[in-house]
1. What is the one condition in (1) in a helix (DSSP H, G or I); (2) out of contact with any helix residue (DSSP H, G or I) (no Cβ under 9 Å at 6 or more places or on another chain) that F186 does not satisfy?
2. In the stretch 217-247, which residues are out of contact with any Leu (no Cβ under 6 Å at 6 or more places or on another chain), of a type outside the set (A, V, I, L, M, F, W, C) and under 23 Å from A64 (Cα atoms)?
3. Need at least 1 residues that are in contact (Cβ under 8 Å) with a residue 40 or more places away in the chain, under 18 Å from the mean Cα position of the chain (by Cα) and surrounded by 15 or more Cβ atoms within 10 Å (Cβ to Cβ) per element, so show me which strands (runs of 3 or more DSSP E) inside the stretch 65-158 make the cut, counting only ones lying wholly within it.
4. Which members of the stretch 13-37 meet the condition of being surrounded by fewer than 18 Cβ atoms within 10 Å (Cβ to Cβ), assigned to a loop (DSSP other than H, G, I, E, B) and at pLDDT 85 or above?
5. Would you mind finding the one in F186, F215 that is surrounded by 14 or more Cβ atoms within 10 Å (Cβ to Cβ), within 17 Å of Q128 (Cβ to Cβ) and of a type outside the set (S, T, N, Q)?
6. Residues being among the aliphatic types (A, V, I, L, M), in contact (Cβ under 8 Å) with a residue 60 or more places away in the chain and surrounded by 15 or more Cβ atoms within 10 Å (Cβ to Cβ): count how many of those fall in the stretch 239-255.
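The values are calculated or read from the model by the stated rules, or taken from the named source; none is laboratory data. These numbers come from a predicted model, not from an experiment. Here the Cβ is made from the backbone with ideal geometry for all residues, glycine too, and neighbour counts use every protein chain on show.
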Amino acid sequence: MQFSLVNGNKSAPFLKGVGLCPACGNKTIAKCGSVKVWHWAHANQESCDPWWENETPWHRAWKAHWSIEYQEIVHTSKESNERHIADVRNSVGLVLEFQNSPMNDQELASREAFYGNMVWVINGSSFQKNIKICAKLPSPENQISKDMRICAPQLNSKEFLYWLVSENEPGATMVEMHGSHRIQSFVDETHTGHHLFMWKHPREIWFRSQVPVYFDFGGETLWQLVKFNAGPTFCLRVSSKAEFIVKNGGQVRAS
């Protein structure tokens, strides 16, 4: 943990520091070594929150965009009294979880059900090399786009193939395919950041998330994993990291 309670106040770790865990109330000890980032640990060496993962500089950098009052917030279930520590819970109650390590489906479903109003920000540095950004897509909000069913991207192609629901009878086994070069001006004019992508050895769990998922590959952008429309195709939508932070109640701090 980055913060513990010292004399009733949220405190960062300090040399020889002793505090209390804000979630369980047990004794915590400041770990202020030269290898790992300074942090608090339970004196009994066992974390009270099984969802908590070892923090990295990546976690700390993200959390630092929000003031201390919104970081490491104890969230308690009214029904079961179960407690977990959210990375960030902003002023309107949105939980932001910054995830570095893999998880299983059971934990994913449990965490999303527990927090409800939440988003994931995933450290994509370990799998970025396996993702290739492909053709631009039109805005999925356009009526023409809603009629499209997009085919899987072709390697090294800046175009995509699609068919139209309106041109075919329900349950048709054969459809007429179209190339995006026919509508390139429409794609360019309506494009709002959505791209097809190819992912070698995908982390499939994130396709099953029921809340917004953003991949952080470093730099100044985020890539949100989204369904393009009512069809089966997923795409990645690029957006500004700074805009995401500000929109969700944080501040973009000078590095």
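1. If we test F186 against (1) in a helix (DSSP H, G or I); (2) out of contact with any helix residue (DSSP H, G or I) (no Cβ under 9 Å at 6 or more places or on another chain), just (2) comes out false.
2. G218, G219, E220, T221, Q224, S240, E243, K247
3. On the way: elements: 71-76, 83-89, 95-99, 118-123, 131-136, 148-150.
Those strands (runs of 3 or more DSSP E) span 71-76, 83-89, 95-99, 118-123, 131-136.
4. Residues satisfying the conditions are F14, L15, K16, G17, C32.
5. Working: F186 fails: within 17 Å of Q128 (Cβ to Cβ).
After applying the criteria, what remains is F215.
6. Quick first cut of the stretch 239-255, residues among the aliphatic types (A, V, I, L, M) only: 242, 245-246, 252, 254.
So of that shortlist, the ones also in contact (Cβ under 8 Å) with a residue 60 or more places away in the chain come out as 245, 252.
From what is left, the residues that are surrounded by 15 or more Cβ atoms within 10 Å (Cβ to Cβ) are 245.
Selection size over the stretch 239-255: 1.
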